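Visitor: Below: one structure in structure tokens.
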């Protein structure tokens, strides 16, 4: 008997366009659940989508447990129920009825691996497990109290409260889902999560609240320490350029740089942050660009980027925690893993995107991605 986690990720969100892959705390929203599921006890994770863009983003993470399922158009409409796409997948793949089906919703990004694992443990004794949180809010309908005696109003600290679905996950068997056409049936158990997980992202206002809660309760000290940055370094090809190699008829090589990035370096220097480039290439055109920008540092032909930065830190009497670095490919992996604040373009390779706590920016290399990173730091 295997455990399958299933995340519906429709491309047609209207309230928040491209919601499932919109940047949330520096990562596409769907990333947070996929990351925790990858570390959990589930055997396979299925993302059911009708969007090629979502498919591309999900595949770029490189999570070994994750697969994409191309859901049918008839079950990808505004009026389509979650059960419809669950049943579509179950029947099309012909899943065994003995398998455990864990429905996960990307709009609840707070769920951690221990929540999934503990929910699955609880499921061993019940037909269905659904995630809830305890709310100590007084509820009313049509002029009547639903959960307390108005003549004997309890203090909040003495109030038992009410369990409310938070939409994070639902666990059932394939057999029961097929039998009832429902995610919930039979003997039902509730798995209690912290009260802040009540927030689901359905409207733009929810997004603002959820990001704040994520930073406070989940990321905590993992929040980038922008104020500590003393030196900002950037890779060249694939970051300051689009990674293209352009040649004239005469064989001359040239590259396209973005002027917005150049201004970004200057803005940092005005704030007292030293800036530079760090590239494995050893080419004069990179040196000319560095000279024109008036950078504080320019390292060319760099084979061991991490060691170069360590030496620079020793010279400048700072630590790696005070370095900000942006890169896009495997030759930047080590320095991105150790720098105080790390970022990558949207089109970076999957190994780079998988680095814990790296900020995945919205721009591609050569399209002002350095400027985007700079504005994050300065804000």
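Visitor: Please work out, to two decimal places, the log10 of the ratio I(q)/I(0) at q = 0.13 Å⁻¹ from a Debye calculation in which every Cα of segment 120-269 carries one identical scatterer.
Guide: -0.87
Visitor: For the chain, what's the relative contact order in percent, using C-alpha pairs closer than 8 Å and at least 6 residues apart?
Guide: 15
Visitor: Could you order the peptides 117-125, 229-237, 143-151, 256-264 from most to least packed, using the average number of other C-beta atoms within 10 Å per residue?
Guide: Numbers: 117-125: 15.0, 229-237: 23.8, 143-151: 10.0, 256-264: 17.7.
Ranked from most to least packed, the peptides come out as 229-237, 256-264, 117-125, 143-151.
Visitor: Still on this structure, I have one more. Order these by the 10 Å Cβ neighbour count, fewest first: 129, 330, 66.
Guide: 330, 66, 129
Visitor: Pull out a ≥ b ≥ c, the square roots of the eigenvalues of the alpha-carbon gyration tensor of segment 226-378, then state rounded if a/c is under 1.5, prolate if not and a/b is larger than b/c, and oblate in the remaining case.
Guide: rounded
Visitor: Against the longest alpha carbon principal axis of the chain, how many degrees, from 0 to 90 and to the nearest 10, is the axis of helix 259-270 turned?
Guide: With both axes taken from Cα atoms, the answer is about 90 degrees.
Visitor: Can you give the FRET efficiency for residue 195 and residue 267, using 1/(1 + (r/R0)^6), R0 = 35 Å, r = Cβ-Cβ distance, to the nearest 0.05?
Guide: So the FRET efficiency works out to roughly 0.30.
Visitor: Largest first and in whole Å, give the semi-axes of segment 124-190's equivalent ellipsoid, each being the square root of 5 times a Cα gyration tensor eigenvalue.
Guide: Working: eigenvalues 203, 34, 17 Å².
Semi-axes from the Cα gyration tensor: 32, 13, 9 Å.
Visitor: Give me 174, 341 ranked fewest to most by other Cβ atoms within 10 Å of their Cβ, as a rough exposure proxy.
Guide: Taking fewest neighbouring Cβ atoms as first place, the list is 174, 341.
Visitor: Next question, about the same structure. Could you calculate the contour length gain from residue 82 to residue 164, that is, 0.36 nm times the residue separation minus the distance between their Cα atoms, to one decimal place in nm?
Guide: This chain segment gains 27.6 nm when fully extended.
Visitor: Nearest 500 deg cm²/dmol is fine: what mean residue ellipticity at 222 nm does the chain get from its DSSP H runs of n ≥ 4 alone, each adding -39,500 (n - 2.57), divided by its residue count?
Guide: -8500 deg cm²/dmol
Visitor: Ok, one more. Using only alpha-carbon positions, what ratio does the radius of gyration of segment 3-216 give when scaled by 2.2 N^0.38 Å?
Guide: Dividing the Cα Rg of segment 3-216 by 2.2 N^0.38 Å gives 1.06.
Visitor: Here's a follow-up. Just subtract the alpha-carbon distance of residue 142 and residue 310 from 0.36 nm times their residue separation and send over the number in nm, one decimal. Don't skip to the answer; put the middle values down first.
Guide: Values: separation 168, 0.36 × 168 = 60.48 nm, distance 6.63 nm.
Extra length available between residue 142 and residue 310 comes to 53.9 nm.
Visitor: If you don't mind, there's one more thing I want to ask. With r defined as the distance between the Cβ atoms of residue 248 and residue 23 and R0 fixed at 35 Å, what FRET efficiency is calculated, to the nearest 0.05?
Guide: Rounded to the nearest 0.05, the efficiency is 0.40.
Visitor: Next question, about the same structure. What order do you get for 156, 10, 283 when you list them from fewest to most C-beta neighbours inside 10 Å? Write out the running numbers ahead of the final one.
Guide: Numbers: 156 10, 10 21, 283 15.
Arranged by neighbour count, lowest to highest, 156, 10, 283 become 156, 283, 10.
Visitor: For segment 157-303, what does the relative contact order come out to in percent, with C-alpha contacts under 8 Å and a separation of six or more?
Guide: Working: 126 pairs, mean separation 22.5, N = 147.
Relative contact order, segment 157-303: 15 percent.
Visitor: If you average 1/r over all unlike Cα pairs in the chain and invert the result, what Kirkwood radius do you get in angstrom?
Guide: After inverting the mean inverse Cα-Cα distance, the result is 23.3 Å.
Taken together, the values in this text are just the output of simple stated rules run on the coordinates, not laboratory data. Keep in mind it's a predicted model, so treat the numbers as computed, not measured. Glycine gets a Cβ as well: all are built from the backbone with ideal geometry, and neighbour counts include every protein chain shown.
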